[in-house]
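The structure appears below as structure tokens.
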Amino acid sequence: MLSLAVLISGSGSNLQSIIDKIEEEKLKARIKVVISNNPEAYGLERAKKHNLKTEVVEHQQYPSRERFEQELIKIIKGVGAEVVVLAGFMRILSPLFVSTFPHRILNIHPALLPSFPGLHAQAQAADYGVKLSGCTVHFVDEKMDNGPIIIQAVVPALPEDDGDSLGARILRWEHRIYPQALSWLAEDKLKIQGRKVFLEKEMKPFLGPIEEPGLVSPGLEKDFF
Ligand code: GRF
């Protein structure tokens, strides 16, 4: 059973999707702690509703990024979590943090990386006028929004979209692909070679229903749709 520490800063809807798949027994993992740098994060309420341990570590209270991260590391190691799940965590993590959990930190980004890294990716994509966007789950390395890609989902982008409308369409797929990526990790099905992540199973691309068009990179299982 994979032990997770989930780091959030806001609404925590991705956290919720992970909790739900665990409770449905589709994802063989347990959440050891939910950590927020923002005491107002609604995700903390979600965690408490499910009796999960929560911690608030306010970055402003620490004299340096290093001290802030040392506190995160202490909590994560203290609860025995093996994998760090960044779910809308709005702080950049330094090489010190990343090297503490090599290939054991995952992130979700609301764009098709390497396009539109950084903040407000949904608005960046909408304003650029792309016709397709989506979301990406990747391993975290020392560069921002950069590590090896595990799974991506593609959705249509419309000329009338703004960041909010495109973001809402993307978010529904985030909630599918993040639990799926974690499930592969829990089942030890992911092998990393350089930038590439190989999935040790039969791989077929997944097409969403016509009412909700979307295309997921090969492998999505029906438990996660
Ligand atoms: C998501 O769009 C995620 O991709 C990005 O931050 C947002 C977090 O949303 N990194 P939530 O807090 O999980 O609802």
Here the residues of the stretch 85-101 lying in the modelled label zone of residue 73, meaning backbone nitrogen under 19 Å from a point 7 Å along Cα-to-Cβ, are 85-86, 91-101
Put in order of increasing Cβ neighbours within 10 Å, starting from the fewest, 149, 8, 192, 108 give 192, 149, 108, 8
The size of the Cβ-based charge dipole (Lys, Arg +1; Asp, Glu -1) of the stretch 1-101 about the Cα centre, to the nearest 20 debye, is 180 debye
Checked the stretch 107-225 with the C-alpha gyration tensor, a ≥ b ≥ c its square-rooted eigenvalues, rounded below a/c of 1.5, otherwise prolate if a/b is larger than b/c and oblate if not; verdict oblate
From DSSP H assignment alone, runs of 4+ in the chain each adding -39500 (n - 2.57), the sum over residues rounded to the nearest 500 puts [θ] at 222 nm at -10000 deg cm²/dmol
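I'd like the FRET efficiency for residue 62 and residue 3, computed as 1/(1 + (r/R0)^6) with the beta carbon distance as r and R0 of 25 Å, rounded to 0.05.
0.50
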Note: the chain, point scatterers on Cα, Debye, no solvent; log10 I/I(0) at q = 0.08, 0.18 Å⁻¹ equals -0.27, -1.43
Long-range amide H partners of residue 105, meaning residues 5 or more apart or on another chain whose placed amide H is closer than 5 Å, are 84, 140
Answer in debye to the nearest 20: the dipole magnitude of the chain about its Cα centre, from +1 Lys/Arg and -1 Asp/Glu charges placed on Cβ, is 660 debye
Two pseudo-spin positions, 7 Å from Cα along C-beta at residue 188 and at residue 127, lie apart in nanometres by 4.6 nm
Rg (one decimal) and Dmax (whole number) from the Cα set of the stretch 1-101, in Å, equal 12.9, 41
When 198, 68 are ranked with the fewest other C-beta atoms within 10 Å first, the list becomes 198, 68
Exposure-ranked with fewest Cβ neighbours within 10 Å first, 89, 101 stand as 101, 89
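Bear in mind that the values in this text are calculations on the coordinates, not laboratory data. Keep in mind that what you see is a predicted model, and the values were worked out from it rather than measured. Every residue, glycine among them, receives a Cβ derived from its backbone with ideal geometry; neighbour counts consider all protein chains shown.
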